[in-house]
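K.L.:
Okay, here's the structure, questions in a sec.
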Amino acid sequence: MKILSTLILLVALALGSAQAQKFITKSGNIRFFSSTPIEDILAHNRQVNSALDQQTGDFVFRVLMKSFQFEKALMQEHFNENYVESDKFPNATFTGKVTNIKDIDFAKNGVYNAIVEGDLTIKGVTKKISEKGTFEVKDGKVIGKSTFNVLVEDYGIKIPGAVAKNIAKSIQIDVDVNLEKLE
Amino acid sequence: MKKKWLIIIGGLAAAGIVLALLVYFFVYNKPHKDYSKAKPDFEVEAIAFFEEFRTNAAASSARYNGKVIAITGQLSSVEVTDEQVVALFEIDEGMFGSEGVRCVLIPEKAETLISIPPGSTITIKGHCTGYNETDVILEHCSIAI
């Protein structure tokens with residue numbers, strides 16, 4: 001009987017700690033920035049889903065393409081209809097790992113360097129990426145930040161000749177997610 | 001006589017160029033759609049709407065993404081962050097906490113939403129941007145009732 005109750009307690013503890021291992025947000029920020037001598041284009045998405053597993057380092061993102069807001073309505077239209085074809089490919093995703101998750105002390109406030117590797121899928125095309133970022137642990141919350149570049153041609157995005165000079169071949173992506181412990 | 005024709009052609013060409021520039025300017029700078037004034041493409045009930053996405057994401061995305069949706073349901077809670085105010089219709093529990101429909105309010109309507117007690121039945125109108133495997137997102141939302 002004692003063994004049984006001990007087992008139940010152990011399972012309950014295991015489940016309890018498994019629950020407490022995830023940090024999530026549903027309102028993460030991703031911005032992208034295209035800069036050419038002719039014009040700068042900035043778009044902002046504030047509805048990004050992200051989850052980080054503090055034990056395994058699993059790190060995922062789900063990004064709705066139609067949630068990117070541009071300054072100009074026309075740019076937003078072109079982006080959705082011509083470049084990323086968001087009706088056909090509504091989500092961009094990242095599924096990967098923080099490879100040095102053990103270096104991050106989630107119990108201690110501070111800024112930690114992170115290396116994130118995994119599969120980035122945009123417009124149905126998946127590429128392996130490896131990027132640097134930081135995690136700031138602040139009173140039990142985790143703020144993840146990274147800036148990196150992607151080449152539009154890697155993801156099969158074709159820019160027509162007429163506007164080829166207006167849109168950069170390499171787009172800067174800024175990620176800023178404020179992850180909270182999943183209760 | 002020849003000179004007169006030249007002036008007419010020159011004048012027409014100049015007018016054409018000005019017109020083309022104006023069209024270009026207004027198309028280039030055309031404003032974003034005002035979703036608070038737009039007529040809804042679909043009127044839906046929150047739970048049924050969410051279930052449609054969950055059971056068939058591809059067909060529902062094709063049907064609703066990019067459309068103006070008027071959604072009616074019981075307000076579960078209101079999420080307030082530094083950047084936005086979100087009305088939540090929480091319908092189920094998943095791997096990443098509650099799942100349902102998240103309606104991001106336009107700043108002008110944020111105060112009105114905050115004053116509505118959770119549990120109230122409300123209708124919100126907004127632009128559906130899709131389903132991210134946990135939630136359906138509506139943006140530029142205003143409160144219809």
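The values are calculated or read from the model by the stated rules, or taken from the named source; none is laboratory data. Just so you know, these numbers come straight off a predicted model, no measurement behind them. Cβ: placed from backbone, ideal geometry, glycine included. Neighbour counts: every protein chain shown. Note: accessible area is taken over every heavy atom of the protein model, side chains too, but ligands, DNA and RNA are not part of it. Shrake-Rupley method; radii C 1.70, N 1.55, O 1.52, S 1.80 Å.
K.L.:
Label point 7 Å out from A:Asp174 along Cα-to-Cβ: which residues of segment A:68-86 have amide N under 15 Å?
P.N.:
A:69-71
K.L.:
Suppose accessible area is computed on protein heavy atoms with a 1.4 Å probe; arrange A:Glu77, A:Glu183 from highest to lowest.
P.N.:
A:Glu183, A:Glu77
K.L.:
With the solvent-accessible surface defined on protein heavy atoms using a 1.4 Å probe, which residues belonging to segment A:23-57 display a reduction of at least 40 Å² in accessible area in the multichain context relative to the isolated chain?
P.N.:
In segment A:23-57, residues shielded by partner chains: A:Lys26, A:Ser27, A:Arg46, A:Gln47, A:Asn49.
K.L.:
With a 1.4 Å probe and every protein chain left in place, work out the accessible area per residue of the protein assembly as shown in Å², rounded to a whole number. Working shown, then result.
P.N.:
Working: 18080 Å² over 328 residues.
I get 55 Å² per residue for the protein assembly as shown.
K.L.:
Over 19 Å, how big is the tail of the calculated P(r) for segment B:42-143, in percent of all Cα pairs?
P.N.:
Numbers: 1767 of 5151 pairs.
When every Cα pair of segment B:42-143 is considered, 34 percent fall beyond 19 Å.
K.L.:
Tell me which cysteines of chain B come out unpaired when the rule is another cysteine's Cβ under 4.7 Å.
P.N.:
B:Cys128
K.L.:
Between B:Glu79 and B:Ala48, what FRET efficiency follows from the Cβ-Cβ distance if R0 is 30 Å, with the result rounded to 0.05?
P.N.:
0.85
K.L.:
Right, next: Below 24 Å, Cα to Cα, which lysines can A:Lys181 reach? Residues fewer than 8 away in the same chain don't count.
P.N.:
Partners found: A:Lys22, A:Lys26, A:Lys97, A:Lys102, A:Lys108, A:Lys132, A:Lys138, A:Lys141, A:Lys145.
K.L.:
For the pair B:Tyr28 and B:Trp5, what calculated FRET efficiency results from E = 1/(1 + (r/R0)^6), where r is the Cβ-Cβ distance and R0 = 25 Å, to the nearest 0.05? Show your work: numbers first, answer last.
P.N.:
Working: r = 34 Å, r/R0 = 1.37.
Efficiency, from the Cβ-Cβ distance: 0.15.
K.L.:
Let me ask you something else. At a 1.4 Å probe, what is the % contribution of carbon and sulfur to the accessible area of segment A:44-125?
P.N.:
Carbon and sulfur: 50 percent of the exposed surface of segment A:44-125.
K.L.:
For chain B, what is the mean residue ellipticity at 222 nm derived from helices alone (per DSSP H run of n ≥ 4: -39500 (n - 2.57); sum divided by total residues; nearest 500 deg cm²/dmol)?
P.N.:
That calculation yields -11500 deg cm²/dmol at 222 nm.
K.L.:
Name the lysines eligible as straight-distance cross-link partners of A:Lys158: C-alpha to C-alpha under 19 Å, and not fewer than 8 places from it in the same chain.
P.N.:
Within the straight-line limit of under 19 Å, A:Lys158 reaches these lysines: A:Lys66, A:Lys88, A:Lys123, A:Lys127, A:Lys169.
K.L.:
Calculated from DSSP H runs of 4 or more alone, at -39500 (n - 2.57) each and per residue, what is the 222 nm mean residue ellipticity of chain A, nearest 500?
P.N.:
Numbers: 2 runs with 24 residues, N = 183.
Using -39500 (n - 2.57) per qualifying helix, the result is -4000 deg cm²/dmol.
K.L.:
Using θ = phi - 60° and the Karplus relation 6.51 cos²θ - 1.76 cosθ + 1.60, list the HN-Hα couplings for segment B:123-132 in order, rounded to whole Hz, with x at every Gly or Pro.
P.N.:
These are the phi-based 3J(HN,Hα) values: 10, 10, 10, x, 9, 7, 9, x, 10, 9 Hz.
K.L.:
Here is a follow-up. Which three extents, in angstrom, do the Cα atoms of the protein assembly as shown have along their principal axes, listed largest first?
P.N.:
Computed over the Cα atoms, the extents are 115, 46, 34 Å.
K.L.:
Among DSSP beta bridges whose residues both lie in chain B, state the antiparallel percentage, nearest 5.
P.N.:
75
K.L.:
Along segment A:168-176, what does the Karplus equation 6.51 cos²θ - 1.76 cosθ + 1.60 (θ = phi - 60°) give for ³J(HN,Hα), rounded to whole Hz, x for Gly and Pro?
P.N.:
Those phi angles translate into 5, 6, 10, 9, 7, 10, 10, 10, 8 Hz.
K.L.:
Report the accessible surface area buried between chains B and A, summing both sides, using a 1.4 Å probe on protein heavy atoms only, in Å² rounded to the nearest 100.
P.N.:
2400
K.L.:
Would you list B:Asp82, B:Asp135 from the most to the least accessible area, probe 1.4 Å?
P.N.:
Numbers: B:Asp82 165, B:Asp135 5 Å².
Ranked from most to least accessible, the order is B:Asp82, B:Asp135.
K.L.:
Moving on. Using every Cα-Cα pair within chain A, state what percent have a distance larger than 31 Å.
P.N.:
Values: 4515 of 16653 pairs.
Summing the P(r) tail past 31 Å for chain A gives 27 percent.
K.L.:
While we're looking at this one, here's another question. Please list the non-local residues whose amide H lies under 5 Å from the amide H of A:Leu182, H modeled 1.01 Å from N, same-chain partners needing a gap of 5 or more.
P.N.:
Hits under the 5 Å cutoff: A:Lys22, A:Phe23, A:Ile24.
K.L.:
Separate question: Can you compute 3J(HN,Hα) from phi for each residue in segment B:100-107, using the Karplus curve 6.51 cos²θ - 1.76 cosθ + 1.60 with θ = phi - 60°, rounded to whole Hz and x for Gly and Pro?
P.N.:
Along segment B:100-107, the couplings run x, 10, 10, 10, 8, 7, 6, x Hz.
K.L.:
I'd like the FRET efficiency for A:Ala164 and B:Ala38, computed as 1/(1 + (r/R0)^6) with the beta carbon distance as r and R0 of 45 Å, rounded to 0.05. Show your work: numbers first, answer last.
P.N.:
Numbers: r = 34 Å, r/R0 = 0.75.
Result of the calculation: an efficiency of 0.85.
K.L.:
Would you report the distance distribution of C-alpha pairs in segment A:23-63 as whole percents per 5 angstrom bin, up to the bin with the largest distance?
P.N.:
6, 21, 20, 16, 13, 11, 7, 5, 2, 0
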